[in-house]
Every structure is written in structure tokens, then in C-alpha cells.
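The values are calculated or read from the model by the stated rules, or taken from the named source; none is laboratory data. What you see is a predicted model; the values in this text were computed from it and never measured. Cβ atoms come from the backbone with ideal geometry, glycine included; neighbour counts cover every protein chain shown. Protein only, heavy atoms only, side chains kept; ligands, DNA and RNA dropped before computing areas. Shrake-Rupley method; radii C 1.70, N 1.55, O 1.52, S 1.80 Å.
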Amino acid sequence: MSRIGNMPITIPAGVEVKQDGNTITVKGKDATLTLNAHPDMAVTVEGNTITVKRPSDEKQHKALHGLTRSLINNMVVGVSTGFTKELEINGVGYKATKQGNKVVFNLDYSHPIELEEPKGITIDVPAQNKIIVKGADKQLVGETAAKIRSFRLPDAYKGKGIKYTTETLRIKEGKTGAKK
């Protein structure tokens, strides 16, 4: 019995859900997201709730049951409220600036790194050391934030680099220099 898969999804006001076979389209005020559900999963839209049913108790059907429900729920939450990831830049001279729809990073490399905003994603730079990634698609928001973080991963010895604001770094102790 899947605890997540059996929970119904409530559709909030202002969100429209359409179903065409196994294709589910969720439309909100700012975005429209589409999902091609697995053909074995039975998705039903009744009134303001969405339910997902599985045909049997096979291992694959159990796995797909919760996955399909979570993906549809993320689409509904994404078009109604959206998702955000916040990153911070630590290090002397490390900074980010926004130029149009591009973000330019100066991270102590020989060249600045330019990142163009993907379609459906908004990247805000309220300060030189703070980046906010917003969007309706949870996967794309996380992927973009991970890409930005990969430009300069946090250093375990000095704490320099790009990290999530919720991330805590354990700073390692350097060499002591004592000889035997």
C-alpha cells in the first residue's frame, strides 16, 4: 500500500487541469506544465481532486504509483506557488551580476562565466553574493541551481565557493606542520 500514491491531490483555485489520455496538463496564472504519465497508471480528475490508481501490486506498479502522484503534485504546486532555491557566494572577489537575461559570475577564474536564464526560470541577484532561482518546474529549478553551484563548489578548508543557503559546511582543519 503506497501512502503517497493513495493521497488525493487538491487543485487550488486558479489552477486548471486537463487530461487527454495519459497526458496531464496543469495550467496556472504564470505557467503551463505537461506530464506524460505511464500508460499503466490510471489518473482521474474529478471536481477539484486528482487521484492516481495502479492496476496491480507488482513492484514496478508500486514504484510508479507514488512517483506519478508526486510529479503531478509538483506540477500543481509549481503553477500555483512556484519553487525557489537560494544560493550564496562566499569568497574574496567572488560575485555575480545580472545583465539582461544573463548572469555573469566572477569566481577567481581567468574569465567570467555567463549563464543565460533557461526558459521558464527567473534568476534574481539581489546582492553580489546572493542568487535566487525561481520557477514553476521543480526539476528545472533544482537543475539550474545545481549548475550554478557547480561553477565553484564550496571548499572544505576555507569555505569559499557557491553553496545553498540551507547547506552547512564542515570546515576541515588544515595541516599542523608538526614533524615526527
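A few remarks follow.
- Heavy-atom accessible surface of region 43-180, averaged per residue, reaches 62 Å², computed with a 1.4 Å probe.
- Dividing the mean sequence gap of close Cα pairs (under 8 Å, 6+ apart) by how many residues region 1-91 holds gives a relative contact order of 32 percent.
- Chymotrypsin sites (Phe, Trp or Tyr not before Pro) within region 1-109: DSSP coil, no more than 11 neighbouring Cβ in 10 Å: Tyr109
- Given the chain, longest segment not containing exposed loop GluC sites (Glu not before Pro) (DSSP; at most 13 other Cβ within 10 Å): 59-166
- Rounded if a/c under 1.5, otherwise prolate or oblate - region 66-134, Cα gyration tensor axes: prolate
- Computed with every protein chain present, the accessible area of Val125 is close to 40 Å² [probe 1.4 Å].
- Unit charges on C-beta of K, R, D, E only; dipole of the chain, Debye: 940 debye
- Listed residue pairs exceeding 32 Å between alpha carbons, taken from Lys18/Lys62; Lys29/Lys59; Lys62/Lys102; Lys62/Lys172: Lys29/Lys59; Lys62/Lys102; Lys62/Lys172
- Mean ellipticity per residue at 222 nm, deg cm²/dmol - from DSSP H runs of n ≥ 4 across the chain, formula -39500 (n - 2.57): -7000 deg cm²/dmol
- The overall shape of region 21-89, judged from the alpha-carbon gyration tensor, is oblate: a/c is not under 1.5, and a/b is no greater than b/c.
- With respect to the chain, whose longest principal axis is taken over its alpha-carbon atoms, helix 138-150 is tilted by about 10°.
- Using the Cβ of Asp124 as centre and a radius below 12 Å, the other residues enclosed give a net charge of +2, where K and R count +1 and D and E count -1.
- Lys85 accessible area, 1.4 Å probe, all protein chains in place, Å² to nearest 10: 80 Å²
- The alpha-carbon atoms of region 126-180 define a convex hull whose volume equals 106 cubic angstrom per residue.
- Length released on extending from Asp57 to Lys29, taking residue separation times 0.36 nm less the Cα-Cα span: 6.3 nm
- A full extension of the chain between Thr49 and Thr176 corresponds to an added length of 39.5 nm, given 0.36 nm per residue minus the alpha carbon distance.
- Region 50-113 - percent of accessible surface contributed by carbon and sulfur, probe 1.4 Å: 50 percent
- Residue-level accessible surface for Leu71, protein heavy atoms, 1.4 Å, Å²: 70 Å²
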